[in-house]
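Heads up: the structure comes next, in structure tokens.
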Amino acid sequence: MFIDLHTHSVSSDDSRANVEQYVKWIGVLRKKGYTIDGFVLTEHRKFDFDKDYSALAEENGILIMKGSELDTNMGHILVYGVTEALTDAIDFSDVTMDAIELVRAAEEFGAIAVPAHPGRFGIGLCEFADNGADFSRIKAAERLNGSNRPGEQERAEEFIDLLGVHSTGGSDAHLVSAIGKCMTNFDGQVFNESDLVRELHSGTFGPVRLDETL
């Protein structure tokens, strides 16, 4: 299954795309022969418990899941499998939260935390590689990011190889036409957020670019 693990709708403060527009554009890409099975809305510093996209997803034959992208003291972290217990334990709006504590809490409450764009200048996790933090709880990191600037992809690859963790891919879409640019190819089946967490723990996945799905 090809799933874009990193997208933002207008629910995030810096995106211009709504979910319906993403779905329509995926339909266009599918007609051109590309494969996109689903995407995850990773809104900034929040989780939209009140939003239900199940009808839209069923109508268009696409999986729409929800996650979060949180700001931490060591860069941005994508969280999948968010539960109310996790949001009670962690203040998602806190832009100075401890990254390692977030990874630990996510695991405790049945979610999983994945560093986003770790090669990004200034805020990528690789910027903090020498601060003595214990990264052993991290299971995967975002290897392919559709919004990387020159040099950031190489930094991400080098850092992830150093960590020895699994690699994901996501478009980091903030505009409609960006969705699916980078994705994650899962060997197992994913039908909901719980499945997604299970598969991310399994390690049987890898990052892909859109052209590879033709």
task = Sort through ARG104, ARG137, ARG143 and tell me the only one that's basic (Lys, Arg) and buried (at least 24 other Cβ atoms within 10 Å of the Cβ).
result = ARG143
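One line per residue, one yes/no per condition, for (1) out of contact with any helix residue (DSSP H, G or I) (no Cβ under 6 Å at 6 or more places or on another chain); (2) touching a residue at least 40 places away in the same chain (Cβ under 8 Å):
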site: SER9; (1), (2): no, no
site: VAL23; (1), (2): no, yes
site: ILE36; (1), (2): no, yes
site: VAL40; (1), (2): yes, yes
inquiry  = Tell me whether segment 56-66 contains one or more residues that are in a helix (DSSP H, G or I), open to solvent by 20 Å² or more (accessible area, probe 1.4 Å), in contact with an Asp or Glu (Cβ under 8 Å, 6 or more places away or on another chain) and under 20 Å from HIS8 (Cα atoms).
reply    = yes
request  = Please determine, by comparing only the residues of segment 104-125 that are of a type in the set (Gly, Ala, Ser) and without any contact (Cβ under 8 Å) to a residue 60 or more places away in the chain, which one is nearest to PHE159 (Cα to Cα).
outcome  = GLY119
note = Of those in segment 164-192 that are within 21 Å of SER15 (Cβ to Cβ) and among the polar types (S, T, N, Q), the residue most open to solvent (accessible area, probe 1.4 Å) is SER177
request  = May I ask you to verify whether ASN145 is touching a residue at least 40 places away in the same chain (Cβ under 8 Å) and farther than 29 Å from ASP37 by Cα?
outcome  = no
task = Kindly list the number of the only condition in (1) in a loop (DSSP other than H, G, I, E, B); (2) more than 27 Å from ARG209 (Cα to Cα) that fails for LEU102.
result = (1)
task = Being modelled with pLDDT of 95 or more, over 21 Å from GLY180 (Cα atoms) and open to solvent by 40 Å² or more (accessible area, probe 1.4 Å) narrows it down to one of ASP14, ASP50, ASP37, so name that one.
result = ASP50
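For segment 169-178, does any single residue satisfy the condition of being at pLDDT 95 or above and touching a Pro at 6+ places or on another chain (Cβ under 9 Å)?
Taking every residue of segment 169-178 in turn, at least one turns out to be at pLDDT 95 or above and touching a Pro at 6+ places or on another chain (Cβ under 9 Å).
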note = Going through (1) open to solvent by less than 20 Å² (accessible area, probe 1.4 Å); (2) in a helix (DSSP H, G or I) one by one, TRP25 fails only at (1)
inquiry  = Quick check on this structure: which one of ASP195, ASP161, ASP130, ASP98 is out of contact with any Phe, Trp or Tyr (no Cβ under 8 Å at 6 or more places or on another chain), within 17 Å of LEU78 (Cα to Cα), open to solvent by 10 Å² or more (accessible area, probe 1.4 Å) and without any contact (Cβ under 8 Å) to a residue 12 or more places away in the chain?
reply    = ASP195
query = From the set of residues in segment 82-95 that are in contact (Cβ under 8 Å) with a residue 24 or more places away in the chain, part of a loop (DSSP other than H, G, I, E, B) and open to solvent by 70 Å² or more (accessible area, probe 1.4 Å), which is farthest from GLU193 (Cα to Cα)?
reply = VAL95
Matching option when the condition is modelled with pLDDT of 95 or more and part of a loop (DSSP other than H, G, I, E, B), among GLY206, GLY188 = GLY188
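The values are calculated or read from the model by the stated rules, or taken from the named source; none is laboratory data. Quick caveat, the model's predicted, so the values are computed rather than measured. All Cβ positions, even for glycine, are placed from backbone atoms using ideal geometry, and neighbour counts span all protein chains on display. The area values use the complete protein model at the heavy-atom level, side chains included, leaving out ligands, DNA and RNA. Shrake-Rupley method; radii C 1.70, N 1.55, O 1.52, S 1.80 Å.
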